[in-house]
Amino acid sequence: MKPLDALGNLLNEPVMVKLKNGMIIKGKLKAFDIHINLVLENASYEDNGVEKKFNQIFLRGDMVVFIS
Amino acid sequence: MKPLDALGNLLNEPVMVKLKNGMIIKGKLKAFDIHINLVLENASYEDNGVEKKFNQIFLRGDMVVFIS
Amino acid sequence: MKPLDALGNLLNEPVMVKLKNGMIIKGKLKAFDIHINLVLENASYEDNGVEKKFNQIFLRGDMVVFIS
Amino acid sequence: MKPLDALGNLLNEPVMVKLKNGMIIKGKLKAFDIHINLVLENASYEDNGVEKKFNQIFLRGDMVVFIS
Amino acid sequence: MKPLDALGNLLNEPVMVKLKNGMIIKGKLKAFDIHINLVLENASYEDNGVEKKFNQIFLRGDMVVFIS
Amino acid sequence: MKPLDALGNLLNEPVMVKLKNGMIIKGKLKAFDIHINLVLENASYEDNGVEKKFNQIFLRGDMVVFIS
Amino acid sequence: MKPLDALGNLLNEPVMVKLKNGMIIKGKLKAFDIHINLVLENASYEDNGVEKKFNQIFLRGDMVVFIS
């Protein structure tokens with residue numbers, strides 16, 4: 001198994017993504033590529049205790065720390 | 001679906017782009033490429049509480065955190 | 001021997017991964033690639049003295065400092 | 001349209017370039033390439049409230065945040 | 001001679017590696033590649049005055065400042 | 001014209017180079033390449049109010065902010 | 001002349017290398033490559049006022065600010 005295969009298994013599953021700026025974004029994984037660019041659906045993150053919601057969010061891969 | 005397909009679906013739609021320096025820029029997505037270089041039309045961002053407006057703005061892709 | 005061969009010898013073994021943001025993540029190494037993207041199983045890390053656990057975690061390679 | 005086409009439309013036009021170190025440089029866009037390296041003519045920026053002027057300035061592309 | 005040849009001469013020799021986060025790791029050089037990914041055996045580093053030891057450690061090349 | 005053509009026009013001319021660490025180096029431009037690696041002759045920069053001089057200095061391109 | 005030719009002229013000559021972490025390392029240039037990876041012989045740098053000496057030191061190219 002390669003690491004990207006593990007991401008493939010997460011498609012359409014809920015994931016948590018930690019970014020290099022400390023943000024944690026949750027949502028359903030809809031797409032990824034070899035740069036680890038991601039698209040999450042029904043995504044949300046907390047900003048100063050307020051939950052922000054997005055129908056869809058594109059995350060640039062070089063910002064990703066981990067995905068679980 | 002690949003992440004860039006999701007961006008393709010946003011062409012001519014209003015988007016919000018968060019940059020690595022904390023700036024948030026809003027505008028209509030007119031163009032993107034594989035580096036996530038972006039062009040927004042009728043764009044604006046807040047600078048110390050003052051809204052700055054641009055007919056068109058080119059954003060370098062490596063500054064992008066997320067697009068929604 | 002090349003460095004990636006050493007990682008190959010660690011597959012299915014418990015490893016400790018130090019990231020550039022200071023995090024230390026422990027788990028069983030399930031996958032790696034030439035970018036040093038990693039997948040750990042039964043992974044955990046400490047966050048303010050609280051252990052956080054994950055069935056599986058994908059770590060982006062450019063965050064890795066060392067693996068042992 | 002691709003993002004670099006938008007830059008092509010700005011050739012010989014006055015532009016404002018924001019760099020990652022916070023500098024804002026204004027001038028007439030004379031050249032660009034795929035790395036977003038730029039050449040501005042009759043360029044200026046403010047340094048501690050003093051305007052500095054240049055007949056021509058070469059900006060390294062990886063410093064660019066946005067161009068408008 | 002090219003720089004990587006100098007690393008080749010250090011194989012199976014004790015080396016000291018300084019990383020970008022300030023860490024200094026000592027051990028026997030067992031492997032390296034063109035990215036300067038390294039594997040050290042019988043490695044150790046000091047952490048707050050306590051020596052930490054590893055049978056084997058993989059260091060990601062982009063963290064390396066110098067090797068001697 | 002491409003940006004590197006503008007650098008070609010500066011060969012053997014006095015230039016000022018600003019680096020990402022804030023240093024400003026002046027000298028005669030003797031060479032450059034696509035990475036914006038530079039060689040300056042009769043170069044100098046100020047360090048705490050003291051001018052340091054070099055017959056020749058090689059600047060790594062990824063440190064360059066601008067050249068004028 | 002290209003910038004790397006200037007480095008070629010410095011082979012077996014004493015050089016001073018400034019790194020991005022502020023370190024200044026002196027020694028005889030024995031090898032370099034296109035990444036500006038360097039090998040210095042009879043090298044030394046000051047650490048808190050104490051001179052540290054190395055028979056040979058490998059410097060990773062992406063740490064280099066300038067060489068003179």
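Remarks
- Qualifying residue in region G:7-30 (condition: assigned to a loop (DSSP other than H, G, I, E, B), among the acidic types (Asp, Glu), under 21 Å from F:ALA43 (Cβ atoms) and over 9 Å from the mean Cα position of the chain (by Cα)): yes
- Subset tally (residues that are open to solvent by 70 Å² or more (accessible area, probe 1.4 Å) and of a type in the set (D, E, K, R)) for region D:10-32: 4
- Every residue from region A:33-68 that is open to solvent by less than 40 Å² (accessible area, probe 1.4 Å) and assigned to a loop (DSSP other than H, G, I, E, B): A:ASP33, A:ILE36, A:ASN37, A:ARG60, A:SER68
- Selection within region E:35-58: residues that are aliphatic (A, V, I, L, M) and out of contact with any Leu (no Cβ under 7 Å at 6 or more places or on another chain). The member of this set that is nearest to C:ASN9 (Cα to Cα) is E:VAL39.
- Looking across region B:35-68, the residues that are farther than 19 Å from A:ILE57 by Cβ and more than 9 Å from chain D (Cβ to nearest Cβ) come down to B:GLU41, B:ASN42, B:SER44, B:GLU46, B:ASP47, B:ASN48, B:GLY49, B:VAL50, B:GLU51, B:LYS52, B:LYS53.
- Search result, residues across region B:17-38 that are in contact with a Gly (Cβ under 9 Å, 6 or more places away or on another chain) and on the phi < 0 side of the Ramachandran plot: B:VAL17, B:ASN21, B:PHE32, B:ASP33, B:ILE34, B:HIS35, B:ASN37, B:LEU38
- The residues on offer are G:ILE34, G:ILE67, G:ILE57, G:ILE25, and the sole one that is at pLDDT 95 or above and either charged (D, E, K, R) or out of contact with any strand residue (DSSP E or B) (no Cβ under 6 Å at 6 or more places or on another chain) (or both) is G:ILE34.
The values are calculated or read from the model by the stated rules, or taken from the named source; none is laboratory data. Keep in mind the model is a prediction, meaning the values are calculated, not measured. Every residue, glycine as well, gets a Cβ built from its backbone with ideal geometry; the counts of neighbours run over all protein chains shown. All accessible areas refer to the heavy atoms of the entire protein, side chains included, with ligands and DNA or RNA removed. Shrake-Rupley method; radii C 1.70, N 1.55, O 1.52, S 1.80 Å.
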